[in-house]
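Q: Please find one structure pasted underneath; my questions will follow.
The values are calculated or read from the model by the stated rules, or taken from the named source; none is laboratory data. Remember, it's a predicted structure, so these values are computed and weren't measured experimentally. Every residue, glycine as well, gets a Cβ built from its backbone with ideal geometry; the counts of neighbours run over all protein chains shown.
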């Protein structure tokens, strides 16, 4: 969902594309992580671009490491490979009209990635 000044701008997932740049493997979790993630929403002549640019990690951990006792044994036997990562960086939101940049906003951001499955081969 994308909103501006309490007005819904877009909520149709068919109009969203996703990009990632600077993909690396996190050393703690073994998961692929992007240094920049970008969502683009197109609505007629308007295009909105929301970018998250990572500067550093707040936390990164394998979920199985937080489980204790019999549940931990069961998770390991099931090959549970979940991970939780939290990042700090910048968020930048830009609006284009007919291909021309009409406004942009940038601020500090914190975001998370919960990764429940196994990483795919590249």
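Q: Limited to segment 48-96, what total is found for residues that are assigned to a loop (DSSP other than H, G, I, E, B) and surrounded by fewer than 17 Cβ atoms within 10 Å (Cβ to Cβ)? Spell out how you get there, then give the answer.
A: Filtering segment 48-96 for residues assigned to a loop (DSSP other than H, G, I, E, B) gives 67-68, 78-82.
Now restrict to residues that are surrounded by fewer than 17 Cβ atoms within 10 Å (Cβ to Cβ): 67-68, 78-79.
Total meeting the criteria: 4.
Q: Shifting gears a bit: Hey, any hits in segment 30-37 for a residue that's assigned to a loop (DSSP other than H, G, I, E, B), on the phi > 0 side of the Ramachandran plot and touching a residue at least 40 places away in the same chain (Cβ under 8 Å)?
A: Taking segment 30-37 as the starting set, the residues that turn out to be assigned to a loop (DSSP other than H, G, I, E, B) are 30-31.
Still in the running and on the phi > 0 side of the Ramachandran plot: 30.
Remaining after also requiring touching a residue at least 40 places away in the same chain (Cβ under 8 Å): 30.
Yes.
Q: Continuing with the same structure: Pairs under 9 Å by beta carbon, first residue touching a residue at least 60 places away in the same chain (Cβ under 8 Å) in segment 44-73, partner assigned to a helix (DSSP H, G or I) and surrounded by 12 or more Cβ atoms within 10 Å (Cβ to Cβ), six or more apart or different chains?
A: Between residues of segment 44-73 that are touching a residue at least 60 places away in the same chain (Cβ under 8 Å) and residues that are assigned to a helix (DSSP H, G or I) and surrounded by 12 or more Cβ atoms within 10 Å (Cβ to Cβ), there is no close pair.
Q: Shifting gears a bit: Restricting attention to segment 23-58, and to residues there that are modelled with pLDDT of 95 or more and in contact with a helix residue (DSSP H, G or I) (Cβ under 8 Å, 6 or more places away or on another chain), which single residue is nearest to residue 115 (Cα to Cα)?
A: 41
Q: Which of the residues belonging to segment 2-22 are at pLDDT 95 or above, part of a strand (DSSP E or B) and at negative phi?
A: Of everything in segment 2-22, those that are at pLDDT 95 or above, part of a strand (DSSP E or B) and at negative phi turn out to be 16, 17, 18, 19, 20, 21.
Q: Follow-up question, since we're still on this one. Take the conditions under 16 Å from the mean Cα position of the chain (by Cα) and farther than 28 Å from residue 66 by Cβ and apply them to residue 40. Does it pass? So that I can check it myself, show each step before the final result.
A: Working: under 16 Å from the mean Cα position of the chain (by Cα): yes; farther than 28 Å from residue 66 by Cβ: yes.
When the stated conditions are applied, residue 40 passes them.
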